[in-house]
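One structure is given here, and the rest of the page talks about it.
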Amino acid sequence: MITKLLQLTHKVGWLMLIFGLLLQYGIKDRLPGLSLLFYGMPKPMLLALAVTLMVWPKVSWKSRFFMAVISLVLSWTWAESSWRSQAPVIAKRDTTNEARIMFWNLDRPLGLHQGMIDLVKEFQPHFAGFVEPGKIDMEAKCKSYEEALPGYQAAWMPRGILWLSKVPSRYRARGKLENIGAFARFEVNGLGPPFPVVVADVFQHPFHLRQNQLQEVRDHAQGNSDAILMGDFNTPLESVYLDAYRADFTNALEAAGQGFKETWPMGLPLLSLDQIWLGRDWEVVEARKVTQPSASDHAALLVTLRRR
């Protein structure tokens with residue numbers, strides 16, 4: 001009885017693995033009914049499943065061999081697309097012409113987010129965007145953040161977007177993404193010609209494609225080649241709906257990050273949900289993520305850039 005149960009479970013695992021491979025390497029998130037499964041079965045999860053099936057008791061050596069091959073292929077393809085061992089070196093670096101920017105999903109703190117305050121003090125971004133900053137008296141929170149971070153001005157946008165800047169900037173527009181997500185657009189001055197920055201929080205509806213929300217975020221760049229898009233896109237970089245971004249924008253972690261590009265959850269490299277996209281006028285100098293599991297289940301993104 002136990003042997004039959006183990007064999008049945010092993011077969012179910014095989015079917016799940018095959019289905020997951022078809023999703024990751026073919027179907028992806030094109031279909032509404034399958035997009036949730038695509039997000040829930042990233043390559044690291046499939047690798048863990050393949051290794052489990054490889055060491056599963058009461059299976060043949062041939063099955064173990066096939067699982068070993070699949071595990072190796074998954075390991076290689078995941079590492080090849082996700083891992084960077086060394087960031088590119090920028091020749092003739094002039095730090096006076098560089099801009100530092102930051103994004104972080106703050107995971108709804110009840111009070112001030114001390115982790116964010118500490119990281120802003122350390123990194124000193126020229127401006128920063130945050131989502132899920134909490135809902136308790138945000139106007140008072142903004143004043144408290146300004147007191148804790150002298151030189152910065154804080155602004156809160158309804159639907160959960162927080163903005164910090166120590167260079168002149170002004171709010172231009174805010175609203176919903178397809179009536180479920182949220183965005184805010186700012187104009188940044190003091191770093192060369194004025195340019196737009198869009199901060200987005202794409203809503204993770206389990207049975208609704210992210211396509212329209214992602215398109216709306218791009219539309220808010222208004223065709224500016226120096227636009228910057230940052231946010232919790234709730235969509236991994238493997239999504240087919242981010243292919244259009246790569247025609248006009250560069251993903252900061254893909255261009256100059258080190259280590260795994262995945263930002264969620266809790267330091268585990270499963271999904272690359274948090275992203276900063278830079279228009280063609282920008283060159284990425286440095287890009288890194290900072291994980292503080294006690295402060296948020298998302299990694300913070302710290303990017304240094306300069307105009308080309």
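Helix-only arithmetic for the chain: the sum of -39500 (n - 2.57) across DSSP H runs with n ≥ 4, divided by the residue total, places the mean residue ellipticity at 222 nm at -10000 deg cm²/dmol.
Sorting T263, T9, T96, T304 from the fewest to the most surrounding beta carbons within 10 angstrom yields T96, T9, T304, T263. Using R0 = 22 Å, the C-beta based FRET efficiency linking Y25 and V51 works out to 0.75. What is the distance in Å between the Cα centroid of segment 136-179 and that of segment 201-257? Going from one Cα centre to the other spans 22 Å.
Separation of the alpha carbons by more than 24 angstrom is noted, of K135/K176; K121/K143; K143/K261; K176/K289; K11/K261, for K143/K261; K176/K289; K11/K261. Normalised by the number of residues in segment 2-84, the average gap of Cα pairs under 8 Å and 6 or more apart makes the relative contact order 28 percent. Each residue in K11, K166, K289 was given a count of other beta-carbon atoms within 10 angstrom of its own, and listing them fewest first yields K11, K166, K289. The base-10 log of I(q)/I(0) for segment 2-84, evaluated at q = 0.11, 0.12, 0.17, 0.27 Å⁻¹, reads -0.32, -0.37, -0.70, -1.28 [Debye formula, identical scatterers on Cα atoms, solvent excluded]. Normalising the Debye intensity of the chain to I(0), with uniform scatterers on Cα atoms only, and taking log10 at q = 0.06, 0.14 Å⁻¹ returns -0.23, -1.04.
Across q = 0.15, 0.23 Å⁻¹, segment 201-308 modelled as identical point scatterers on its alpha-carbon atoms has Debye log10 I(q)/I(0) values of -0.62, -1.34, in the order of the q list. Taking other Cβ atoms within 10 Å as a rough exposure proxy, K28, K4, K58 sort from fewest to most as K4, K58, K28.
Using the Cβ-Cβ distance between S225 and A140 with R0 set to 45 Å, the FRET efficiency from 1/(1 + (r/R0)^6) comes to roughly 0.70.
We did not get these values from a lab; they are worked out from the coordinates using the rules stated. Since the model is a prediction, treat every value here as computed from it, not as a measurement. Using ideal geometry, Cβ is built from the backbone for each residue, glycine included, and neighbour counts are taken over all protein chains shown.
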